[in-house]
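Enquirer: Would you mind keeping the following structure in view while I ask a few things?
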Amino acid sequence: MKHYWYKKSTSIVAIIFSGFIFAQNHSDSIKIKESVIKENPTYSLKVPLNQVGLSQVQSIYSGGISTMSNTSLHYMRKTKNQKLTFIGRINLKSRAEITSLKYDIEVYAKHGKNHYSFIGASVSDQKLFPNYELFYSFYSNLGKGWELETGTKFLAAENFDLVTPILGITKETDHNRISLRNFISFSQGNTYYSNILQWRNFFNEKRDNFSVVTGFGNAPDSRNIDLAQDFITNKTFFAGLGYEKNFKPFKISASSVYNRNQYSTGRTFNQYDIYLTLMYDF
């Protein structure tokens, strides 16, 4: 007998990984492009100010749990001075015989040479997504390749609210970037913890990169949450690999993640996620 979404089958990996990927990839993309141009002035005489992208996430579960897919279309626009970056995104999620829509808007803003911030909001039709979400993070350059992130997120669903302070630290060298993000989530008088560690290796004049990600916890940052009532009490461990290749003006990224999830009752199940993204700069 199959267990459908409304029977509390929980997509913890999507909870952990996709939120990190969406936010981090755009942040990394902005920083990587600036670094490439700075180190290789002939790389591009004209920096593209626009980008469109199509992403697909496919989640496969053990134990007869129905698969889930999420398709996203985004448009990104930078101002001419590149101090502001605007992103709009439409998300379509499907599971069993249910489909759902969510709309995101995000802004990255530079505050001088050493600081920038990210603010975002989303609203949905409330079928498979949270009712709405609010995000804010502030990033500070600490010098010698170190960066500090402090932020928070608010999520409102039909049966619960979730407030999540975020603390992250990143160390960057010539061809590597290591980041650790910690989440403490509060919901209905309970506290939950989670962590995400990611390493990126850049090559081909920083146009391309290979990444490794791992993490564990209950209820981290989320853009692809499964609204089972008990999702935040579940425990998960995950590990994944990713690759991003630049075929100017196109960019393609692919990643795969394995998750080991455990219900609060002790029952476990496996989850396998595949991420594919195609972007076009113009």
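Laboratory data are not the source of any read-out in this text; all were calculated from the coordinates shown. As the structure is a prediction and not an experimental result, all values here were calculated from the model. In this analysis, Cβ positions are derived from the backbone assuming ideal geometry, glycine residues included, and neighbour counts consider all displayed protein chains.
Enquirer: Pop a pseudo-label 7 angstrom from the Cα along the beta-carbon direction at both ASN270 and HIS115 and give the gap in nm to one decimal.
Expert: Those two pseudo-labels are separated by 4.8 nm.
Enquirer: Starting from the Cα of LEU197, step 7 Å along the direction of its Cβ; do the same at LEU278; then give the gap between the two resulting points in nm.
Expert: Label-label distance for LEU197 and LEU278, simple model: 3.6 nm.
Enquirer: Here's another thing I want to ask about it. How much FRET efficiency would the formula 1/(1 + (r/R0)^6) give for GLU158 and GLU205, where r is the Cβ-Cβ distance and R0 is 41 Å, rounded to 0.05? Could you put the intermediate results ahead of the total?
Expert: Values: r = 48 Å, r/R0 = 1.17.
Rounded to the nearest 0.05, the efficiency is 0.30.
Enquirer: Using the 10 angstrom Cβ neighbour count as an exposure proxy, how do GLU172, GLU158, GLU205 rank, fewest first?
Expert: Working: GLU172 18, GLU158 9, GLU205 12.
Fewest-to-most Cβ neighbours within 10 Å comes out as GLU158, GLU205, GLU172.
Enquirer: Non-local amide H neighbours of GLY145 (under 5 Å, H modeled in plane, Pro and chain starts lacking H): which ones?
Expert: Residues meeting the criterion, in which the H sits 1.01 Å from N, do not exist here.
Enquirer: Quick one: length gained pulling GLN126 to PHE86 fully straight, 0.36 nm per residue minus the C-alpha distance? Can you show the working numbers first?
Expert: Numbers: separation 40, 0.36 × 40 = 14.40 nm, distance 2.44 nm.
Extra length available between GLN126 and PHE86 comes to 12.0 nm.
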